[in-house]
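Here is the structure we will look at, set down as C-alpha cells.
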Number of protein chains: 2
Amino acid sequence: MKEKLTVVKLGGNCMDDQHLLQMFLQKFAELPGRKLLVHGGGKIATELGHRLNIPLQMIDGRRVTDSDTLGVVTMVYAGLLNKKLVALLHALHCNAFGFCGADGNFIRAVKRNSIPVDYGFVGDPSDVDCDLLNALLQSALVPVISPVTHDGNGQLLNTNADTVASVIASAMSEHYEVHLLFAFDKTGVLSDPANDASVIRTLTEAQLSRLKEDGKIHSGMIPKLKAGFSALNSGASVVTIQHVSSLNTNQPVTKLHL
Amino acid sequence: MKEKLTVVKLGGNCMDDQHLLQMFLQKFAELPGRKLLVHGGGKIATELGHRLNIPLQMIDGRRVTDSDTLGVVTMVYAGLLNKKLVALLHALHCNAFGFCGADGNFIRAVKRNSIPVDYGFVGDPSDVDCDLLNALLQSALVPVISPVTHDGNGQLLNTNADTVASVIASAMSEHYEVHLLFAFDKTGVLSDPANDASVIRTLTEAQLSRLKEDGKIHSGMIPKLKAGFSALNSGASVVTIQHVSSLNTNQPVTKLHL
C-alpha cells in the first residue's frame, strides 16, 4: 500500500484576503499525513507591476511574461508570498519549507515556443525530481512551492501554478497515493455561477466539454480543470476542486472522474 | 577528522555587477567539497524601495525595516536574488537550492529590542538547525541562503547577512571543519583604502581595535569583522575576507586570527 500524499494548490485570489488565507492555513496545517502546498499569487503581482509601471499583458487568462514581469513574478511568488506562507504555517506548528521549481533543479521546464503566441519567459514543465521532494517529505518537512521554474541554462521561467500542482501530483503518483486538491474561493465547479450551492459533485471530461459548449464554465476554470484531468489521467487517485474552508470537512466539493 | 565545509558570504555590491557576479559564481561552482552560499543584496533592495516610494532609513550602516521595507527585502533577497543565483549556479552545474532562515524553521530569530534604537522588523538569530542543513548538504545540494528569518510566530525578520553567515559557520563547526569566507569587491581589509595591494594578511581583534581607533576601518567593514571574529571564537577553523575573484587562488587575502 502506498502512503498518502495530499498536493494542495491554493488559488491566487485567496492570498489577497487575510480572513480566507488564515482559514485555509489553519485547515491545511491540520491536514493529516504527508502534504505539500503549491501557491499562485496573481493579484499581488499585478498590483506590484502596476506600481512599478510595468504594463500587464494577458492572453487567454495567462500573463505574458517579459523580463520586467518575470522579475515581479519572482519577487512576489518566490519571495513575498512564499515566505509569508512559510512564516504563517510555522506559527501553526506546520514545518513549512518554501522553494521554487528552480531549487535543486526540482522542476526543469522548457520555455514555451513563441509561435503561435509569444508568452515571453513562460515555462512548461518537462521533468519533476521526485527523489528530492520525497526526501523533504520523509524529513517531515511540508514543501511550499512557488511556480517559478528554470530552463537549466540560467533562465528563470514563470509557470502556471495549476500546471505545477498537476505535474507534481502526476510524478508523485508513482510513489504515493495522491490526492490533488484545488482550493479556491468558490465552493467548486458550479452549474449556476450565481449559486454557491450548485456544486457539480462529479465531473467527467465529457461533461466538461458540454459545459464549455454551453458557456457555463468560464476562462479561468478551464486550465484548472485541464490540469486536474491531466493529473487524474497520469495516476493521481483523487482530484477535487473545493473551497478553502472545506478541507477536512464533509462539505460538497467537485470531484473529477475519468 | 571532520569533513570540510566552506561557508561563503557574497557581498551585496557584487550582486549589482554582472561581471563580478559571474566571475564569483564560476569560482564558487568550482570550489571543491561541501559548501553553501549566504547572500545579501543591499543596492537592489534600496533601488526597489525608491521606485515604490518607500523611504530608506539607515542607522550605523543598518537598514531600518518597517513593514513596507520588510516586504521589499523579502521580495528582493528571498525572491529575485535568491532565485537568480540558483538559476545561474545550475547553469554552472552546481546543484543550488535556495531558501531563507524561515524555511524549515532553519534560523529562529528574535526581533531586536526597540531600545536604544528601533530597527523595526530586524531579527537577531537565536538558533540554527544544523540537522536540516546537514541533511541538505549530504544530499549533494548546495544551499543558497537569503538573510530573512522569522520569530516562529508568523513574523518574518530582516537579518544581517554577515551575521547569518557567522551563526551558520559557528553552529556547523560542531559537525564540520568550517572555513567562513567573506567574498566582496575589495581585495581584503586594507591598511590604505586607496591601495588594493595593501591587504592586511593577518588580523587579530587587538589589531582591529587599533585600526578602528586610527579611523582606518570604516563603518561597513566593522560588522563584517565582528561577525568573522565571532565565528572564529565559536569554532570556525578559518575566517578570510577576500575578493570574489580570489576563491581557489593564491591571491593575498585577509585572514582573521585569535
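Throughout, read-outs are computed from the coordinates displayed, never taken from laboratory work. Everything numeric in this text was worked out from a predicted model, so none of it was measured. Note: ideal-geometry Cβ built from the backbone for every residue, glycine included; neighbour counts use all protein chains shown.
Note on A:ILE115 and A:SER139: their simple-model spin labels are 4.5 nm apart, each label 7 Å out from Cα toward Cβ.
Helix-only arithmetic for chain B: the sum of -39500 (n - 2.57) across DSSP H runs with n ≥ 4, divided by the residue total, places the mean residue ellipticity at 222 nm at -9500 deg cm²/dmol. Across the copies of the chain, B:ALA91 has label points (7 Å from Cα along Cα→Cβ) spaced 3.8 nm apart, shortest distance listed first. If the segment from B:GLU213 to B:LEU258 were pulled out straight at 0.36 nm per residue, it would be longer than the present Cα-Cα gap by 14.3 nm. Comparing A:MET23, A:GLY101, A:GLY120 along the charge dipole axis of the stretch A:3-257, the residue lying farthest to the positive side is A:MET23, per the Cβ-charge model. Think of chain A as having a plus end and a minus end, set by charges on the Cβ of Lys, Arg, Asp and Glu; of A:ALA171, A:HIS257, A:LEU81, A:HIS257 sits farthest toward the positive end of this dipole. Shown is the FRET efficiency for A:HIS19 and B:LYS43, computed with R0 = 60 Å from the Cβ-Cβ distance and rounded to the nearest 0.05: 0.95.
Among B:ASP66, B:ASP162, B:ASP151, A:ASP196, the order by Cβ neighbours within 10 angstrom, fewest to most, reads A:ASP196, B:ASP66, B:ASP151, B:ASP162.
Given contacts defined as C-alpha pairs under 8 Å and at least six residues apart, what's the relative contact order of the stretch A:1-137, whole-number percent?
20 percent
Taking only the C-alpha atoms, wrap a convex hull around the stretch A:3-257 and report its volume per residue in Å³ as a whole number.
Hull volume over Cα atoms, normalised by residue count, gives 126 Å³.
Chain B residue nearest the rotation axis toward A, with distance: B:GLY79, 1 (Cβ to axis, whole Å). Suppose a student asked you for the relative contact order of chain B, using Cα pairs under 8 Å spaced at least 6 residues apart; what percent would you report? Relative contact order, chain B: 23 percent. Candidates A:ILE59, A:THR202, A:VAL238 compared by Cα position along the dipole of the stretch A:3-257: farthest toward the positive end lies A:THR202, with charges placed on Cβ.
Show me the trypsin sites (Lys or Arg not before Pro) within the stretch A:166-229 that DSSP assigns to loop and that have at most 14 other Cβ atoms within 10 Å of their Cβ.
Here the sparse-neighbourhood loop sites are A:ARG201.
In what sequence do B:LEU132, B:LEU181 fall when counting other Cβ within 10 Å, fewest first?
Listed from fewest to most nearby Cβ atoms, that is B:LEU132, B:LEU181.
Could you tell me which of the pairs B:LYS35/B:LYS186; A:LYS212/B:LYS83; A:LYS83/B:LYS4; B:LYS4/B:LYS216; A:LYS83/B:LYS226; A:LYS9/B:LYS224 are separated by over 32 angstrom between their Cα atoms in the structure shown? Pairs exceeding the cut-off: A:LYS212/B:LYS83; B:LYS4/B:LYS216; A:LYS9/B:LYS224. In this Cβ point-charge picture (+1 for Lys and Arg, -1 for Asp and Glu), the stretch B:3-257 has a dipole of about 340 debye about its Cα centre. Each other copy holds its own label point for B:GLY215; taking that point as 7 Å from Cα along Cα to Cβ, the gaps run 7.9 nm, nearest first. For A:PRO32, the label point sits 7 Å beyond Cα toward Cβ; its separations from the matching points on the remaining copies run 5.2 nm, from shortest to longest.
Among the GluC sites (Glu not before Pro) in the stretch B:139-237, those located in a DSSP loop and surrounded by at most 16 other Cβ atoms within 10 Å of their own Cβ are B:GLU174.
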